[in-house]
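Let me begin by presenting the structure, written as structure tokens, before commenting on it.
Nothing in this text is a laboratory measurement; each read-out follows from the coordinates by a stated rule. Just so it is clear, the model here is predicted, and its values are computed rather than measured. So basically every Cβ, Gly included, is an ideal-geometry build from the backbone, and we count neighbours across all protein chains shown.
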Amino acid sequence: MRRPDLPGSRTTGQPLLPLPPLPPLPPLPRRTFLTALGVGAALGALPHPASASPAVSAAYTLLSRADWGADETLRFAAGGELWPSEYYPVQTLTVHHTDDGSSDPDPAAVVRAIYRTDAAEYGDMGYNYLIDKAGLVYEGRWSGTDGTPAHDASGRMVTGAHVKGYNSGNIGIALLGTLTTTPASAAARTALVRLLADLAGRHALSPLGKVVYVNPVSGVSRPAPVIGGHRHWAATDCPGTLYTAMPSIRDEVAALLA
């Protein structure tokens, strides 16, 4: 049975649930992916060899759920998965800031805390991807065992919980931190543009375009930018300063795909 597509992201500034003590994690392995520049290649299908030129402008580095220490038991209760996965074709890409209030200097720990908080309400991470200040991309909501972040083996996205009523077919990408008055770091913005280009290329989306988004669960429709911020969907300050930066971000994504 399909659940109604109603959950949204945490209330702005909502405190994160405390993390239980964890043993030290080994150094996080880093896997680099190349943007599918208009080709629509599968995410992760193009590993960036160590000997390749570091000037490849479309590369970004992604950490899997295992890499950042996701406790997969949080997705389950006695009766099974708290929120069974659903998959739909991608229509739009939506940017957030987490506004989590955390002062923890370890971004992986912040991601784990967001996961624990979201799992208590939505059965898993609400976002499909997260990006830290250093520009590392984190796999968000669990999407299956095929090794492709945020997607199933057929290329459909897993439904998250980041924009109330408009989650299915709408990928959610969140930058860690509070960006209400401060801009994103240069590294985070670069990673965001590259990830957006990867997703737009894979799903044949026009980064400068607009669509009539149709929720495949509820049937509700509304016009929306292909690449937008949370504020395009709801009355919110999210994604902070990234909202006014959206036109230039779209231009940069389009330039990568040109």
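Cα centroids of region 68-116 and region 194-214: 23 Å apart. Please report the net charge: other residues with Cβ closer than 10 Å to the Cβ of T180, K and R +1, D and E -1. So the surrounding residues net to -2. If r is the Cβ-Cβ distance from S64 to A234 and R0 is 25 Å, what FRET efficiency results, to the nearest 0.05? Taking R0 as 25 Å, the efficiency between S64 and A234 is 0.25.
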